[in-house]
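Scroll down for the structure; my scribbles are underneath it.
The values are calculated or read from the model by the stated rules, or taken from the named source; none is laboratory data. Just so it is clear, the model here is predicted, and its values are computed rather than measured. Every residue, glycine among them, receives a Cβ derived from its backbone with ideal geometry; neighbour counts consider all protein chains shown.
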Amino acid sequence: MDFEDQRKKMVKRLLERGYISRLEVARAMEKVPRHLFVPKDLEGSAYLDTPLYIGEGQTISAPHMVGIMVEALEIRPGMRILEVGGGSGYHAAVMGEMARPGGRVYSVERIGVLAERAKKNLKEAGYGEVVTTVVADGSRGLPEFAPFDRICVAAAAPAIPEPLKQQLTDGGKLLIPVGGRWYQDLISVDRKREGYLEANLGGCVFVPLIGEYGYKD
Ligand code: SAH
């Protein structure tokens, strides 16, 4: 199977459908080998625009959702990024690719076996240096490594966790799905000197954020 060819076609479709438009985003998604982040038996479906099961009842987000989020985050080289809900590690790899050189992604995952697997996937794909995986409740952010230029939450919260807003730099940006368990709105929060500016980027569906500032298990 020619994964590189499939990957190019996937990115072309994301561009055609308007999910992504920035060259840096297209380049990053053309580079990160998504097939290394899904279970072996689903490798053949890695470049379809769909979420896939990665075990423990969790999913790797669909490529268009990763595209929409990465595009909205406006990631630049050198940025310090927090990802909450690391899952397979794929999304973190795409952000790591865009933050190079000089940047760093801290990817927090609450399920230990997934974090272990993500760490292995990231190393194999060449992102072991730029992405640090951490097992913790990411709804509280990661105070020991704060502040962050960007925070990307890949799980749905009932409301925006206050600690995440507080862990943004001045000029920082947070993206988070907020709403009910089965349907949410993707909310962006910009931290400015005069306060926080919120915008609704549209509907989405994510697995729940479970933790102190998320849903209770
Ligand atoms: N970005 C991932 C997909 C995320 S799926 C990828 O590219 O594969 C959402 C993940 O959030 C799940 O793995 C789930 O276990 C995790 N999660 C849920 N609540 C969390 C919390 N409080 N802290 C950290 N991770 C959490």
#### Entry: Matching residues, the stretch 140-154, being surrounded by fewer than 24 Cβ atoms within 10 Å (Cβ to Cβ) and within 12 Å of the ligand (Cβ to nearest atom)
ARG140, LEU142
#### Entry: Filtered residues of the stretch 198-214 (kept if of a type in the set (A, V, I, L, M, F, W, C), within 7 Å of the ligand (Cβ to nearest atom) and assigned to a loop (DSSP other than H, G, I, E, B))
PHE206, VAL207, LEU209
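This table checks each residue for (1) under 17 Å from the mean Cα position of the chain (by Cα); (2) exposed (fewer than 15 other Cβ atoms within 10 Å of the Cβ); (3) not in a helix (DSSP H, G or I).
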{"site": "VAL105", "(1), (2), (3)": "yes, no, yes"}
{"site": "ALA115", "(1), (2), (3)": "yes, no, no"}
{"site": "GLU124", "(1), (2), (3)": "no, yes, no"}
{"site": "THR132", "(1), (2), (3)": "yes, no, yes"}
{"site": "ALA159", "(1), (2), (3)": "no, yes, yes"}
{"site": "PRO163", "(1), (2), (3)": "no, no, no"}
{"site": "GLY171", "(1), (2), (3)": "no, yes, yes"}
{"site": "PRO177", "(1), (2), (3)": "yes, no, yes"}
{"site": "LEU186", "(1), (2), (3)": "yes, no, yes"}
### Task
Kindly indicate whether THR50 is surrounded by fewer than 16 Cβ atoms within 10 Å (Cβ to Cβ) and modelled with pLDDT of 95 or more.
yes
### Summary
Residues in the stretch 188-217 that are charged (D, E, K, R), surrounded by 14 or more Cβ atoms within 10 Å (Cβ to Cβ) and under 20 Å from VAL108 (Cα atoms) total 0
### Among residues of the stretch 166-197, those that are away from the ligand (no atom under 16 Å from the Cβ) and either within 22 Å of ARG80 (Cβ to Cβ) or among the hydrophobic types (A, V, I, L, M, F, W, C) (or both), counted
17
